[in-house]
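Here's the structure we're looking at; comments come further down.
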Amino acid sequence: MKSIADYVALEAEYYQNILDNYQTLFTQHIDLSKIKQLNSIVIFATGSSSNAAYGARSLMSKILKVPVYIEDPSIAANYLHYSDPNTLYFAISQGGESYSTIHLVEEFIKSNQTIYTLTSNPNSPLYKVSNHVLSMGIPIEEMPYVSAGYSVTILDLILISLVIAQKNGNLNEQQFNSYLDQLQKVTHLLPKVIEQSQMWVNQYQHQFYHAKRVIFIGYGATYGVAREGETKFTETVRNTAFGKELEEYMHGPYLGLHEDDHIVFLEPHGQLAQRANLLKVFLDKYVKNVSTIYANNSNNLKEEDLCLNVDIDELYASLFMTVPVHLLSYQVSRLKGHNLEKSTYPEFDEITSSKIKRI
C-alpha cells in the first residue's frame, strides 16, 4: 500500500493530468441551462473534503463573484432547507462511502433537486445514488488517511469554478487562461515544494514528536490548510491538534494556550499578514515553540520557519502549503510507531456505520 508520502510525491503528476483533462472531467458534465442567475455555491462535505473546500473557497468566490458556503451534510440533511433554483449544490466524498453525504444526496434527489457529486470511486454507494457525478480525475487513494485526494479536491473545485464562470460569461478567454497559467505554475513548482518540505520535516519532526498539543493557524485559503493540519495530525499522530482561523483564534481560544504548545502559522502573504504578525508578537511572550510556514520569502525568518518560495497570489496557497503539514503528520506518526494501514478502532464503523462500504 502506498504511504501518505508516496501520494504527496504524486501530486504534481495528478495536478497535470487534471489540468490536461478538465474539459472531459467537468466542462461536459456541468449544465447551467436551468440557472437564470447564479446566486451562490453550497458545498456539502466532511473531514478532509470539507478542509479542501475551505482551501478552495476564497478563489472560487473571486472567480464566480458569488458567496461560497460550506455545510455539514448531516446538519443539512436533517435540519436545513435548500430550495434556491439559482444556487449550485455540490457534495464531496473522495471514497464515496460517507454515510451523511450519501444520505444528503438521496434527500436532494427525492426532492427533485440537482446536486453534483465529486468522487474518485465509481464503485462507491455515493456514485450509485447520484444523478450528476463529477470524477475527481485521480485513482482511488489506497491510504485511508488521504493526502493527494485532499489537494486534488482543491484543484478540482477551482477548475469547476472556472468552467462555470466561463459558461455564464463571467470570464473571457484571456482571463480564463490567466487562471490556468497560475495553476500550471503551482504544478510546475510542486516537486521543489515537496523537496523543501521534506528537508524541514526531517529537521524538526522530533520537536513535534514531543509536542503535547499542536495548533495550526491560517487565514483565507490557508484556513483550509489549518483545518487539514488538525485532521491529519490527529488522525495519524493520534495526538491533540487544532486548526484555527486567525481571527477565530484571537477571539477566545488564545486564552487556553500553554507554554509548551507548538503553534504553526500558515502564512500566504495575504491581506491579514500584519494581523498574524501581531499575534506572533504576543505568542512569543508566552509560548516557546512558534514557527511559520511561508508561501514565499519573508524578512522576519526564524531558524525553525519554512519558506516554500512560491511567489503567487495568496488565494492559490492551499494548493501547495499543505505538503509540509501532510509530510510532518506522516513522519511523526512513524516516529510514534503507528501503522496507518490498520484502523486504530476497527469496530468504529461497524458500530456507527459512519462509512458505508461498496454495494
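Quick notes
- Close Cβ contacts (under 9 Å, 6 or more residues apart or on different chains) running from residues in the stretch 314-337 that are without any contact (Cβ under 8 Å) to a residue 12 or more places away in the chain to residues that are of a type outside the set (S, T, N, Q) comprise Arg334/Leu340.
- The residues of the stretch 239-255 that are of a type in the set (A, V, I, L, M, F, W, C) and either surrounded by fewer than 20 Cβ atoms within 10 Å (Cβ to Cβ) or under 21 Å from Ser197 (Cα atoms) (or both), listed by number, are Ala241, Phe242, Met250, Leu255.
- From the options His258, His269, residue that is touching a residue at least 12 places away in the same chain (Cβ under 8 Å), open to solvent by 10 Å² or more (accessible area, probe 1.4 Å) and either touching a helix residue (DSSP H, G or I) at 6+ places or on another chain (Cβ under 8 Å) or among the aromatic types (Phe, Trp, Tyr) (or both): His269
This table checks each residue for (1) within 30 Å of Ala317 (Cα to Cα); (2) modelled with pLDDT of 95 or more; (3) surrounded by fewer than 22 Cβ atoms within 10 Å (Cβ to Cβ).
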position: Thr101; (1), (2), (3): yes, yes, no
position: Glu107; (1), (2), (3): no, yes, yes
position: Ile115; (1), (2), (3): yes, yes, yes
position: Asn121; (1), (2), (3): yes, no, yes
position: Val133; (1), (2), (3): yes, yes, yes
position: Val146; (1), (2), (3): yes, no, no
position: Gly149; (1), (2), (3): yes, yes, no
position: Thr153; (1), (2), (3): yes, yes, no
position: Leu157; (1), (2), (3): yes, yes, no
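- Single condition Arg227 does not satisfy, out of (1) buried (at least 19 other Cβ atoms within 10 Å of the Cβ); (2) among the charged types (D, E, K, R); (3) without any contact (Cβ under 8 Å) to a residue 40 or more places away in the chain: (3)
- When Ser74, Ser3, Ser40, Ser48 are checked against the criterion of being among the polar types (S, T, N, Q) and either within 16 Å of the chain's Cα centre (by Cα) or open to solvent by 60 Å² or more (accessible area, probe 1.4 Å) (or both), Ser48 stands alone in meeting it.
The values are calculated or read from the model by the stated rules, or taken from the named source; none is laboratory data. Note that the structure is a prediction, hence the values are computed from the model and not measured. Cβ coordinates were reconstructed from backbone atoms using ideal geometry, including for glycine residues, and neighbour counts include every protein chain displayed. Each accessible area value is taken on the protein alone, full model and side chains, heavy atoms only, with ligands, DNA and RNA left out. Shrake-Rupley method; radii C 1.70, N 1.55, O 1.52, S 1.80 Å.
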